[in-house]
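Structure, as structure tokens:
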Amino acid sequence: MVCPVLNIDLDRIEHNARTLVELCAAHGVGVSGVTKVVCGHPQVAEAMLQGGVIGIADSRLENIQRMRGAGLDVPYMLLRLPSLSRVDEAITSADVSLNSELETLQALSASALRQGQVHDVILMVDLGDLREGLWPDQVIDLARMLMPLKGVRLQGIGTNLACFSGAVPTRSNMRYLAELAAEIERVCAIPLQWVSGLNSSGLNLLAEGGLPERINHARIGEAILLGRETIHRKAWPDTYQDAFVLQAEVVELKRKPSAFTCEHGEDAFGGHPHFENHGDILHALVNIGRQDVAVEGITPLEPVTVVGASSDYLGLDVSALAGTIRLGDVLSFHLNYAALLAAMTSPYVEKRCFRGRLFERRVMES
């Protein structure tokens, strides 16, 4: 096995998707599976779809194009606001996009007309997270201005929470979103298909019955992929948290001091590392580093301790494995969202999907 490798358990992803789709369906909510953290990996998207999501949502046009190119002919939602320079691609790649700017909507309209298409849009409302979206008192006016535009069709409104600044979804702000939807329908005399108010941060509110009936769409990524809600990062019931496991190979194994033995300054990243003195330790370098993964977001599966990292190496105290670990052995790590994003984005980490079997997660013999 060539390392580093990110092992992706498609059965567990499909199971997680089905668990969350069934929960949401019980409350009248449809789920789009969010694939941005896995860079639009087609097999991961297919596992989500087999788990029952109604479509795929991604922030990058390249990812949507990758999945379409792999033959996944499903509804696609573009999560990142379309840029003016790429409206033509937005029309050809995505079926629906999230929007907050009149000028962009006008450009999308013109592009759709040139291409003989009608593009669906969801107006985003900022309910306090300070990411994308109109302030609530601006939403009705933009909806009015959108109505005469040909080539685009207002299909819903949405909001994003617990991402940019950690704003929490509540009964109050979800009720406000539902009221805004009703006001748009009244003023513009149109029905809205989607009121998209949930992501992985809203699962507790949903399960507690605190969601207004009018909220009928969720965009869920982390809870499907990593089995966690995103307010407290707690494991969600009946989901797996280990669908992704990163493995790296031991490329150096030596006994070394655990603390500095010489004068030192900044590290390669401008930091000032501090090492506790535990005497000599069995020190291992494995072949992943900050160019491959967000080191602070990994958790070793073996009884080892992360000492530090450079661009290319992860340093570990493997004293607990003395006598059993050898050069060439493989060590495994769980990942949080930031670490998964980095590992999936890194071209230096092989991605290996599998179904119906477990790979070896312990120290392996070379």
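Structure above, values below:
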{"read-out": "Counted residues, segment 192-237 - those being within 16 Å of V38 (Cβ to Cβ) and among the acidic types (D, E)", "value": "1"}
{"read-out": "Segment 58-99 - residue that is part of a helix (DSSP H, G or I) and of a type in the set (V, I, T) and, of those, farthest from R153 (Cα to Cα)", "value": "I64"}
{"read-out": "Exclusive hit being free of Cβ contacts under 8 Å to residues at least 24 places away in the same chain and under 27 Å from the mean Cα position of the chain (by Cα), set V293, V306", "value": "V306"}
{"read-out": "Segment 6-24, residues that are within 23 Å of E350 (Cβ to Cβ) and of a type in the set (A, V, I, L, M, F, W, C)", "value": "L6, I8, L10, I13"}
{"read-out": "Among (1) farther than 30 Å from L321 by Cα; (2) not assigned by TED's automatic domain parsing to the domain that holds T19, the one test that K254 misses", "value": "(1)"}
{"read-out": "Filtered residues of segment 229-244 (kept if in contact with a helix residue (DSSP H, G or I) (Cβ under 8 Å, 6 or more places away or on another chain), touching a residue at least 40 places away in the same chain (Cβ under 8 Å), charged (D, E, K, R) and under 19 Å from L341 (Cβ atoms))", "value": "D242"}
{"read-out": "Flag if G71 is more than 20 Å from the chain's Cα centre (by Cα) and either assigned by TED's automatic domain parsing to the domain that holds L192 or touching a residue at least 12 places away in the same chain (Cβ under 8 Å) (or both)", "value": "yes"}
{"read-out": "Segment 68-104: number of residues that are buried (at least 24 other Cβ atoms within 10 Å of the Cβ) and farther than 24 Å from Q193 by Cα", "value": "0"}
{"read-out": "Cross-chain or 6+ apart pairs with Cβ under 7 Å, segment 179-190 first and closer than 11 Å to G156 by Cβ, then part of a loop (DSSP other than H, G, I, E, B)", "value": "A181/L192; A181/R214; I184/L192; E185/P191; E185/L192"}
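The values are calculated or read from the model by the stated rules, or taken from the named source; none is laboratory data. None of the values given here were measured: they were computed from a predicted structure. Reconstructed Cβ throughout: ideal geometry from the backbone, glycine too, with neighbour counts over all protein chains shown.
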